[in-house]
Structure formats: C-alpha cells, structure tokens
Amino acid sequence: MRDERSLFINIVALLILSVIGFYIYKVSMDTGKGIKITDNITPQMRVADRFMNKNVIKEESKYVWGGTAENTSANIVTSVVVDYRLFDTTLEVIVLFVTILGFGFVIPKDKRKIIKPTTILNRWAPILMILMLMIGGYMFVNGHLSPGGGFPAGAIISTAVLIGVLAGRKTLSQKTLKIIEAVAGISIFSLGIASFVITGNFFQNFILNDRIGDLFSAGLIPIFYGLIAFKVAAELSNIYFEFYEEC
Amino acid sequence: MNSIVFLIVIPLIAAFLSLFLGKNDKILAYIVTLFNIIFSILILFSGKIPFNVAIGGWRAPYGINYAVTDLTIFFLVLVNVAALLALTSVREIMEYQFYSFYFVLLSSTNGIVLTGDLFNFFLFIELSTFAVAGLISYKRDRLSTGAALKYLILSSTASIFSLAAIGLIYKTLGTLNFADIANKVNNLNEASLSLILILYISSLLVELKIFPFNMWVVKAYEASKTSVNLFIHGMLGTAGIYGVLRILLMVFSKETGKLTLSGNLSSILMLFAFVTVIIGEIGALTEKNMKKILAFSSMAQLGIVLFGISLGSFDALKGVLYIVISNYLAKFVMFLTVNEFSKVSGSTNYLDMKGLGRRYPVLAISFTISALSLMGIPFFAGFWGKISIIGNAVFSGKLELIGAVLILIASVIEGVYYLRISHTFFSQGHEREGRISRVYCLLPMILALVILFIGINPDSFENIISILLDEIKSPEKYIKLILSLK
C-alpha cells in the first residue's frame with residue numbers, strides 16, 4: 001500500500017515536471033532562442049549566444065573568437081579552470097578524495113539514535129531529488145557555455161543524495177559511491193594519458209575544430225567537467241553517509 | 001621528456017585502484033614505487049637534463065610547467081628511494097586506506113619536487129598534508145587521532161597563510177611561475193616582499209619542523225607506525241627541504257649568487273633555528289621512548305639545516321646538503337633498528353632493549369655508526385656538514401658565532417644521549433623469546449656502510465654537491481630554461 005502510494009506520487013511529480021519542461025521549451029521556442037541539440041538546420045542562435053555577446057566593459061565591445069584551442073570554450077573562466085589549469089583542478093578533486101578517506105579515521109564512532117523522518121519529507125524527497133539532479137546535470141553539461149561547472153554541479157547532485165539520506169530512503173550504497181569515485185578518477189587521468197599519446201602533452205585538449213558556443217563543443221572540457229561532477233558528487237555523498245551512519 | 005608527468009599520474013591512478021584490490025595492495029605499492037624509482041633513474045641517465053615540460057601544451061608563464069634540473073633529480077631520487085625503503089618496513093596486512101594515502105603521498109612528494117608553479121606547489125603540499133594526517137591516524141586510538149588533529153590544525157592554518165601569500169604574489173607580480181617570479185622579483189618593494197616571504201615561510205616551516213610550528217612532530221612520531229615515521233621523515237621531510245632551497249634561494253632571491261632575505265628575516269630564521277636545536281636536544285636528552293628521541297633529534301637536525309641556509313653562503317650550503325643526506329640515511333637506519341628491537345623487547349623504551357646489541361651486533365653497530373654521523377665525529381658523513389657550517393659561521397658575525405657554539409654544544413648533548421643508548425644495547429641483558437630475521441639486518445647495514453663511505457671518501461659526494469651548488473648559484477639559468485629566453 002505504502003509503496004503503491006509513493007509510486008503514484010512519483011508519477012504525478014514526473015507529470016508535473018514534464019508539463020513544466022514542456023512550457024519552458026515552448027517559451028524558449030516562441031521567443032526565438034531555441035534549444036537546438038542537433039545541428040541539421042543551422043540555428044539562428046547558439047546556446048551560449050547571450051553569454052558570448054555579454055561584456056562588462058563597453059556596450060559595443062565584443063570578444064573576438066579565433067579557431068585555436070585556446071578559445072574553444074565560450075566561458076573564459078572554464079577555459080582557465082579546465083584547460084590552462086586542468087592539472088590543478090584535478091588535484092583539488094584528489095584533495096577532496098583524501099580528506100574524505102581520512103574522515104572515517106578521525107571522527108569518533110559512537111552510536112546515536114536515528115530519528116525517523118516525517119511523512120512529508122519522505123513523500124516529497126523523490127520530487128526534490130529529481131529537481132536537484134536536473135539542476136546539477138544542467139550545470140555540468142553547460143559548464144563550458146555559462147557560469148557553473150563541475151564542482152558546483154557535483155555539490156548540487158550530492159544534495160539529492162543528502163535529501164534521500166534525510167528522508168530515510170535508500171538511494172545508493174557506499175560501495176556504488178566508491179566505484180563511481182574510482183572510475184571517474186581513473187578516467188580523468190586516463191584521458192590525460194590519452195592526450196599524451198595523441199598530442200605529446202599531458203592534459204592537452206585534442207578534440208578541436210568545433211563551433212564555439214554549441215552544446216557539443218570545447219572538445220574535452222565538458223567530458224572533464226562531467227567526470228569532475230560525478231566524482232565530487234560521490235565524494236560529498238560519502239561524507240553524508242559517514243555522518244549518518246556513524247553519528 | 002613530457003612523460004615525466006607519469007611520476008605523478010601513475011601513483012594517483014594506483015590510489016584509486018587500491019580501493020578494490022584488497023590484499024594485493026601491497027604488491028601494487030611495490031610495483032608503483034619501483035616504477036617511480038626506475039623512471040627517475042632513467043631520467044637521471046638520459047642526458048637530457050635540464051629540461052622543461054609544459055602541461056596541456058601551454059608555454060611556461062601561462063600554464064603549469066614541470067622543470068627537471070640537477071637539484072630536482074637529486075631530490076626526486078632521494079624521495080623515491082625513501083618510499084621504497086620505508087615500504088620495506090610495512091610487514092603486517094594493512095587496510096586499503098593506508099595504501100591510498102601512501103600513493104597520494106608518493107605522488108604529492110614527487111610533485112613538490114617537480115613542479116615549477118607556485119599554486120601547483122601549494123596543492124601538492126596540501127595533498128601531502130592530508131595524506132600524512134590520514135597515515136598518522138591509521139591506528140585509530142586516542143593518541144594517534146589527537147596527533148593527526150594537531151597536525152591537521154597546524155598545517156591547515158599554515159596553508160591559509162601560504163594561500164594568502166600566493167594571492168599577494170599574483171596581485172603584485174601577475175604570475176605564479178617560479179621562473180617568472182624570480183625574473184620579476186626585483187620590481188617588488190621591500191615591504192611587500194617581506195610580507196609575502198613571512199607568510200610563505202610559515203607554511204614551509206611546518207614541513208621542516210622548525211620551532212613555533214613543531215608541536216605536531218613528537219606526538220605524530222610517537223603515535224604512528226614505523227613505516228609512517230619513515231614516510232614523514234624520508235619523503236615529506238626531504239621534499240620540504242627541496243621546497244625551502246628552491247623557493248628561498250632561487251625564487252625570492254634578489255641578487256644572483258647570494259642568499260638575500262629582505263630586512264632581518266635572515267636573523268629571525270636563525271633565531272628560530274637556535275630555539276629548534278635547543279628544544280630538540282634537551283627534549284631528546286630527557287626522553288626514554290626511542291621514537292620520541294628520534295623525533296626530537298630530527299627536529300634538531302633540521303634546525304641545523306635551517307641555520308645553514310640562513311647563513312647565506314655557499315660553503316654553508318654545502319654543509320647543509322651533507323647534513324641532509326647524513327640525516328636522511330641515519331634516521332632510516334635508526335628507525336629500522338628501533339622497529340626490530342622494539343618488536344623483540346615489546347616496548348619502545350630503550351632501557352628494555354638491554355642486551356639486544358650483543359645478540360644482533362649488525363643492527364646495533366649500524367645504529368652506532370649513524371649516531372656518530374649525526375654527532376659529527378670525523379670520518380662519518382655528518383662531520384663534513386657540521387664542519388663547513390661551523391667554519392663558515394665563526395667568522396660571519398655575532399649571531400652566527402652564537403649559532404656555531406650552539407651546534408657544538410648540541411653535538412655534545414647528542415653524544416650523551418645517543419651513546420647512552422648504544423651502551424644500553426651492548427650491556428648485559430636477559431634472554432628473550434623473539435628473533436629477528438637476518439634479512440632485516442641487511443638494509444640498515446647497507447645504509448650504515450653508505451654513511452661510512454661518504455664520511456671516508458667525501459670527494460665522491462662532493463662532485464654531486466658541487467653540481468647542485470652550481471645550479472643554486474645561477475638562478476638566471478633556470479629562468480632562461482623555463483621562460484625560453486635567449
């Protein structure tokens with residue numbers, strides 16, 4: 001009975017979300033700034049058009065875009081974080097990994113009574129989780145086009161897990177998180193080695209010649225951001241589990 | 001030679017793999033460490049040194065770069081060999097976290113030595129901090145958790161300072177590259193350079209175990225396993241000395257060919273070194289626990305190293321490199337010996353180890369050789385270091401003269417407590433159950449023979465040191481190499 005009701009509520013929530021999504025799509029098409037994922041008809045506007053034309057210095061000044069690897073990403077900050085200083089960014093992720101690994105050692109282990117979550121939280125948790133996952137996914141998919149990126153996206157995705165933990169729902173096991181973490185970490189460095197094999201330099205962007213501002217552009221940057229997002233999400237979720245189970 | 005980044009990337013991949021391998025982690029650790037040693041030795045003999053590697057294909061001042069010079073490769077080999085030597089003392093089965101921390105520490109110490117970028121350097125220091133804190137707390141008892149927290153609080157406070165210094169450098173000079181900073185450092189005014197140096201040095205002094213930042217040392221050594229002690233001593237300590245040499249002498253040096261710390265920073269560092277030496281020696285004199293004695297003693301040795309660096313002459317720097325290598329070898333011998341003896345006697349108190357030297361003379365003689373080397377007795381490696389530092393300090397000034405006298409007094413105190421221990425080893429004791437395998441006696445013996453070899457035949461080592469000093473004397477070569485100036 002309980003499971004059926006929660007299933008029903010989930011379906012209703014999905015319906016509401018799809019209606020919202022449809023209206024967002026309709027409004028964006030009507031105003032002319034359409035969301036084009038495929039490129040069969042050359043679209044008038046790119047996804048990041050507004051962002052590319054935006055400037056803070058003068059009204060009429062504009063970035064000049066070349067075709068080199070340096071400015072494949074429409075968001076300059078992303079270029080710095082995931083291209084010039086990619087190695088630093090990956091090391092930051094490792095810092096997170098190490099701190100969370102050592103976390104279990106330092107925190108004392110006492111058992112505490114866990115308070116049962118309220119019905120409202122329990123019922124609404126899946127809906128909130130879907131919203132969080134959507135926003136987080138949007139953040140890292142669009143990391144090379146607009147402000148955002150892997151780290152905040154990972155944090156947002158991990159809040160979905162946090163809500164699940166608070167609502168007493170079993171979402172992910174710690175072993176799954178460990179696997180996600182390791183696979184994402186290893187593939188970041190394997191991509192680095194791949195670029196060493198292809199171009200001769202570690203962590204060099206080797207997918208070039210795409211249109212700036214498209215969803216599928218900027219070569220390796222979205223891939224790296226996705227991996228970073230998953231890794232950060234897995235690591236932060238690990239902390240929540242650690243607190244929840246060991247408090 | 002872009003493949004140099006493998007030294008950092010392979011251990012990091014291994015850190016993730018070790019989450020799943022269970023008991024095979026130990027084999028993985030040996031494979032990765034051997035890979036690092038062989039790779040760095042191959043680079044040493046490749047004949048391409050010095051060279052500069054740009055990561056991501058971005059040229060030096062814009063992207064991150066790794067520079068391999070003579071100084072780098074010397075410390076790189078030291079760090080990786082230390083990793084292998086320390087790994088031999090891991091006998092029991094460890095959990096996967098231990099190996100993960102070890103791999104991260106290995107990669108970060110390699111990175112500290114290799115990197116040519118200030119922010120990258122900071123990140124590696126940060127990584128090594130967390131890895132070491134995890135390793136210290138591995139035993140999960142009250143003592144080790146407290147020691148780890150102490151170390152974490154101290155080093156993260158220090159890293160805030162160094163991050164502030166990095167921000168100031170980026171604001172004033174607009175660059176983070178070592179060579180570029182060294183190129184532009186003359187544009188800085190005296191006040192900002194002093195501020196940056198004070199903030200930055202504070203974080204380096206934590207790794208170097210110098211007085212106001214060394215409360216973590218003794219507890220951390222006492223609370224952790226012998227292998228972890230050796231990681232801290234051999235890998236982190238050695239990499240920290242490299243950082244001080246590179247950053248103080250080559251990046252922030254205003255005149256070439258001379259160590260010029262702005263204002264009276266040099267005398268402040270000297271005072272810190274004095275207090276460190278005094279605390280270290282007196283602490284070791286009153287202590288009965290062997291691990292604590294060794295911790296205090298390594299503090300004192302690093303105080304002498306800092307004194308030598310702050311003297312600001314190249315003869316003293318030669319002495320510093322001798323002391324670094326003698327302390328590096330001697331502490332390995334001592335920790336390995338103490339590890340074996342404490343297993344047989346069941347405690348780390350040296351009074352309980354009575355008579356073990358008669359049953360295992362190889363270990364006890366190796367211990368005595370390294371103790372004599374640390375004291376600075378002639379024909380042992382430490383002698384050549386102490387004599388060039390003291391000989392340089394005596395005629396330099398008042399403060400330096402005090403330092404020279406202090407080092408001599410410290411040698412006497414070291415003699416008292418180390419020879420007391422050696423005497424206890426060789427005095428008559430009672431029979432014991434446990435046995436030490438002869439294989440474990442082999443490694444301390446070889447290291448002690450190396451100490452003797454360097455002490456008797458210093459010319460062999462002098463050649464290496466003169467190459468290193470040539471590099472420190474002319475930072476403009478480093479700048480030209482990295483910025484590819486003509």
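The values are calculated or read from the model by the stated rules, or taken from the named source; none is laboratory data. In this text the structure is predicted, and so the values were computed from the model without any measurement. Here the Cβ positions follow ideal geometry from the backbone for every residue, glycine too, while neighbour counts run over all protein chains shown.
Conditions (1) buried (at least 23 other Cβ atoms within 10 Å of the Cβ); (2) in contact with a Leu (Cβ under 8 Å, 6 or more places away or on another chain), marked per residue:
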residue	(1), (2)
B:GLY346	no, no
B:ASN349	no, no
B:ASP352	no, no
B:ILE365	no, no
B:ILE377	no, no
B:TRP384	yes, no
B:ASN392	no, yes
B:ILE402	no, no
B:VAL405	no, no
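Only one of the numbered conditions (1) at pLDDT 60 or above; (2) more than 19 Å from the chain's Cα centre (by Cα); (3) in a loop (DSSP other than H, G, I, E, B) is not met by A:VAL12, and that is (3).
Once region B:181-216 is narrowed to residues that are closer than 30 Å to B:LEU143 by Cα and not in a helix (DSSP H, G or I), the residue that is farthest from the chain's Cα centre (by Cα) is B:ASN214.
Restrict the check to region B:252-274 and report whether at least one residue is more than 30 Å from B:SER144 (Cβ to Cβ), crowded, with 22+ Cβ neighbours inside 10 Å, charged (D, E, K, R) and modelled with pLDDT under 90. No: region B:252-274 contains no residue that is more than 30 Å from B:SER144 (Cβ to Cβ), crowded, with 22+ Cβ neighbours inside 10 Å, charged (D, E, K, R) and modelled with pLDDT under 90.
Taking the criterion of being of a type outside the set (Ser, Thr, Tyr), surrounded by fewer than 24 Cβ atoms within 10 Å (Cβ to Cβ) and facing chain A (nearest Cβ under 7 Å), the residues of region B:125-144 that qualify are B:GLU126, B:ARG140.
Residue check: A:VAL80 meets all listed conditions (1) at pLDDT 70 or above; (2) within 13 Å of chain B (Cβ to nearest Cβ); (3) touching a helix residue (DSSP H, G or I) at 6+ places or on another chain (Cβ under 9 Å) but one, namely (3). Exactly one residue among B:PHE119, B:PHE161, B:PHE98, B:PHE178 is over 20 Å from the mean Cα position of the chain (by Cα), closer than 30 Å to B:GLU471 by Cα, among the aromatic types (Phe, Trp, Tyr) and within 11 Å of another protein chain (Cβ to nearest Cβ), and that residue is B:PHE119. For region B:285-317, the set of residues classified as in contact with an Asp or Glu (Cβ under 8 Å, 6 or more places away or on another chain) and either closer than 19 Å to B:ILE454 by Cβ or in a helix (DSSP H, G or I) (or both) consists of B:LYS291, B:LYS292, B:ILE293, B:ALA295, B:PHE296, B:SER297, B:ALA300, B:LEU311, listed by residue number. Could you go through region A:116-134 and let me know if any residue there is in contact with a helix residue (DSSP H, G or I) (Cβ under 6 Å, 6 or more places away or on another chain) and closer than 23 Å to A:SER79 by Cα. The answer is no, given that none of the residues of region A:116-134 is in contact with a helix residue (DSSP H, G or I) (Cβ under 6 Å, 6 or more places away or on another chain) and closer than 23 Å to A:SER79 by Cα. Against the conditions (1) over 20 Å from the mean Cα position of the chain (by Cα); (2) within 13 Å of chain B (Cβ to nearest Cβ), A:THR176 satisfies every one except (1). If the condition is being on the phi < 0 side of the Ramachandran plot, surrounded by fewer than 17 Cβ atoms within 10 Å (Cβ to Cβ) and touching a Pro at 6+ places or on another chain (Cβ under 9 Å), then region A:167-186 contributes only A:ARG169.
Just one of B:LEU28, B:LEU42, B:LEU12 is in a helix (DSSP H, G or I) and within 12 Å of another protein chain (Cβ to nearest Cβ); which is it?
Only one candidate qualifies: B:LEU12.
Considering A:PHE206, A:PHE224, A:PHE202, the condition of being within 14 Å of chain B (Cβ to nearest Cβ), outside any helix (DSSP H, G or I) and surrounded by 21 or more Cβ atoms within 10 Å (Cβ to Cβ) is satisfied by A:PHE202 alone.
A:LYS116 - would you say it is modelled with pLDDT under 80, among the charged types (D, E, K, R), surrounded by fewer than 17 Cβ atoms within 10 Å (Cβ to Cβ) and under 30 Å from B:SER107 (Cβ atoms)? When the stated conditions are applied, A:LYS116 does not pass them.
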